[in-house]
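Heads up: the structure comes next, in structure tokens.
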Amino acid sequence: MARVLLTTECMPNGWESRTQSGVLAIGSIRTVLLADDDVSLRSLLAAVLRCEGYEVIEVGSGIEVLNHFEGSLRHPTAYPQVDLLLTDIHMPGLSGLDAMASLAAAQCLPRTIVMTGAGNWEERDRALALGAALVLGKPFSMDELRAVVAHTLAKVA
């Protein structure tokens, strides 16, 4: 089991957020929708991303991903705009790939990074065909996560 130490030094203070790369300007905080059914992994990933200054919305299934986007269409001011979808492939109910397919069909798929522990090339190819910017194989390091999220969001800016 990995040990993680988080301090208040890595948390946004409301005016600026300190990251490994420096200080983010006010108003430049990006929102990540993180979808994974493994609660402990999701919590760890969310904590790491928050330490980097991102706002993180945590969900546990593809259905919850779609619910977030449906809610944001109905009540735009109540839901933050998602800059990045970080989703696992295999989740109960509706997979990450099926959620991506629905969002792509509705033309509202944000930049997406897909995580998978399976070495299934067909699923990786489908994720890329649906519009994923990257397929990240598990296990991965937190440094790798930080780098791919920053790189993927830099392409949006």
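Quick notes
- Considering residues of the range 47-80 that are crowded, with 19+ Cβ neighbours inside 10 Å and of a type in the set (G, A, S) only, the residue nearest to M100 (Cα to Cα): G62
- Residues satisfying the stated conditions in the range 32-46, i.e. buried (at least 16 other Cβ atoms within 10 Å of the Cβ) and either outside any loop (DSSP other than H, G, I, E, B) or among the polar types (S, T, N, Q) (or both): V32, L33, L34, A35, L41, R42, L44, L45, A46
- In the range 99-125, the qualifying residues are those that are more than 26 Å from R30 (Cβ to Cβ) and of a type in the set (D, E, K, R), and the one that is surrounded by the most Cβ atoms within 10 Å (Cβ to Cβ) is E123.
- If you go through the range 90-124 and keep only what is over 18 Å from the mean Cα position of the chain (by Cα), among the small types (G, A, S) and at pLDDT below 95, you end up with G93, A106, A118, G119.
- Residue list for the range 79-117, restricted to those being out of contact with any Leu (no Cβ under 7 Å at 6 or more places or on another chain) and among the small types (G, A, S): G93, S95, G96, A105, A106, G117
- Reported count of residues in the range 127-145, each being buried (at least 18 other Cβ atoms within 10 Å of the Cβ) and not in a strand (DSSP E or B), is 5.
- Whether a residue is modelled with pLDDT under 95, surrounded by fewer than 16 Cβ atoms within 10 Å (Cβ to Cβ) and under 22 Å from A133 (Cα atoms) was assessed, and Q20 does not pass this test.
- Residue in the range 53-69 that is assigned to a loop (DSSP other than H, G, I, E, B), among the aromatic types (F, W, Y) and modelled with pLDDT under 95 present: no
- Pairs linking a residue in the range 74-90 that is part of a strand (DSSP E or B) to a residue that is acidic (D, E), with Cβ atoms under 8 Å and 6 or more positions apart or on different chains, are T87/D36; D88/D36; D88/D37; D88/D38.
The values are calculated or read from the model by the stated rules, or taken from the named source; none is laboratory data. Here the structure is a predicted model, which is why all the values come from computation and not from measurement. Backbone-built Cβ (ideal geometry, glycine too); neighbour counts: all protein chains shown.
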